[in-house]
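Structure incoming, see below.
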Amino acid sequence: MATATSSTITGATLREWLDERGIRYVWAARQMGITQSHLNFVMRGDRPLTSENARKLIDAYLKLSQSVIA
């Protein structure tokens, strides 16, 4: 099991971030290349959010944001 550090994004933090932005969980899971079930495990704290998956989600969100602004 991974040790939490100050830079660790918790499942609760991820859920809050998604909810604040109105991002659907199914969209987030697809962007990260994981199942919605796996995302639920992450948000409950049963699985870690990998840095790779966090990067994929942020990149997809930024692209979406830029397309809405343009």
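The values are calculated or read from the model by the stated rules, or taken from the named source; none is laboratory data. Just so it is clear, the structure is predicted and the values come from calculations on it, not from any experiment. Here the Cβ positions follow ideal geometry from the backbone for every residue, glycine too, while neighbour counts run over all protein chains shown. Note: accessible area is taken over every heavy atom of the protein model, side chains too, but ligands, DNA and RNA are not part of it. Shrake-Rupley method; radii C 1.70, N 1.55, O 1.52, S 1.80 Å.
Of the heavy-atom accessible surface of the chain (probe 1.4 angstrom), what whole percent is carbon and sulfur?
On the way: 2720 of 5070 Å².
Carbon with sulfur: 54 percent of the solvent-accessible area.
Cβ neighbours within 10 Å, averaged per peptide: list 13-19, 28-34 in order, most packed at the top.
In descending order of packing, they fall as 28-34, 13-19.
While we're on this one: For the chain, what does the helix formula give at 222 nm: sum of -39500 (n - 2.57) over DSSP H segments with n ≥ 4, over the residue count, nearest 500 deg cm²/dmol?
It comes out at -20500 deg cm²/dmol, rounded to the nearest 500.
First obtain the Kirkwood hydrodynamic radius of the chain from its Cα pairs, then insert it into the Stokes-Einstein equation at 20 °C and 1.002 mPa s, and state the resulting D in µm² per second as a whole number.
Estimated diffusion coefficient is 172 µm²/s.
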